[in-house]
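Okay, structure first, notes after.
The values are calculated or read from the model by the stated rules, or taken from the named source; none is laboratory data. Just so it is clear, the structure is predicted and the values come from calculations on it, not from any experiment. All Cβ positions, even for glycine, are placed from backbone atoms using ideal geometry, and neighbour counts span all protein chains on display. Note: areas computed on protein heavy atoms with side chains; ligands, DNA, RNA excluded. Shrake-Rupley method; radii C 1.70, N 1.55, O 1.52, S 1.80 Å.
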Amino acid sequence: MAATPLRVLEASARVYRRTWRGSVVSTFLNPVLFLLAMGMGLGKLVDAGGGEATLDITYLKFLAPGLLAATAMTTGAGDSAFPVMAGIKWRKTFEAVLATPVGVRDLVVGLISWVGVRLLFVTLVYSGVMTAFGATTVVEGLLAVPPAVLTGVAFAAVIVAYTARLEDEQGLASLFRWGITPLFLFSGTFFPVSQLWGWMQPVAYTTPLFHGVSLCRGLALGTGYVVHPLFSAAYLLTMLGLGLLVANRYMTRRLVK
């Protein structure tokens, strides 16, 4: 990475050094609560059977890697939505950044790189919690971290581009209400996509979170993949690359007078 994107990453890290207490509790607590409530609580009912569909593994093991990918998505989305709106409109810090030798491309790459650092920390914690709950082994849990980070940064790049076009924060509320939440619920995190209604299955297979979940679950559990892992990885890498290109274009339009 060139020196100027590193300056943006460094600045984000310096800010986070003063604000980390606001997120570190949720970083550790959320995976514990989700795995306790959904994995062990609801999981006992699921494992007891009674329905038409069954799983070859316990529900806790099925759920945990999916939640890892979904957590990466929500973290990446959160870190690239309101903070970017603040930099563009509310605090106008991006204008100050561009008054230095840092260019728009450096700013975008630096922002996404910082999101990647945050995602690495969050997913490593989540991987440790999964291992503590017995949902996976240490090695397999760590193997699931890179695809989870890739899922998060792919979403972050696209959402930076989306945010750069918005005039106010109402569009961000719609994004989370109509985009992130449905993806969280219907992309294979909580149940196999094959359990969805027929017309919804092909839609679910095309969502980026489905490919993140598929990669994380396959690596964390050593099970087969619904879609070839190279295709899922290429899908997310393409999304990341296109997101960076579009984000650079829209940020240039918005910030360079």
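The table below lists the values:
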quantity	calculated
Relative contact order %, the stretch 147-257, counting alpha carbon pairs below 8 Å whose residues are six or more apart	46 percent
For the stretch 119-218: accessible area per residue (Å², 1.4 Å)	42 Å²
Computed P(r) (all Cα pairs; the stretch 190-257; 10 Å bins; percent)	18, 37, 24, 14, 5, 0
Three principal axis lengths of the stretch 5-113 [C-alpha, angstrom, descending]	64, 26, 23
Carbon + sulfur, % of accessible area of the stretch 1-99 - ligands and nucleic acids excluded, 1.4 Å	62 percent
Spread of Cα-to-Cα distances over 5 Å intervals beginning at zero, given as percent, for the stretch 103-219	2, 10, 16, 19, 19, 16, 10, 5, 2, 0
Relative contact order (%) - the chain, alpha-carbon pairs under 8 angstrom, separation at least six	27 percent
Sum of side-chain charges, L60 neighbourhood, beta-carbon under 14 Å (Lys, Arg +1; Asp, Glu -1)	+1
Debye, to nearest 20: dipole size of the chain, +1 on Lys, Arg Cβ, -1 on Asp, Glu Cβ	960 debye
Positive minus negative residues near R105 (Lys, Arg vs Asp, Glu; Cβ under 15 Å)	+3
Largest to smallest principal axis extent of the C-alpha atoms in the stretch 10-57, angstrom	53, 17, 12
Estimated FRET transfer efficiency when R0 is 45 angstrom, pair T137-M200 (beta carbons, to 0.05)	0.85
Approximate shape of the chain as ellipsoid semi-axes (Cα gyration tensor, √5λ), whole Å, largest first	34, 19, 16
Percent of C-alpha pairs per 10 Å bin, the stretch 137-189, short to long	20, 42, 27, 10, 2
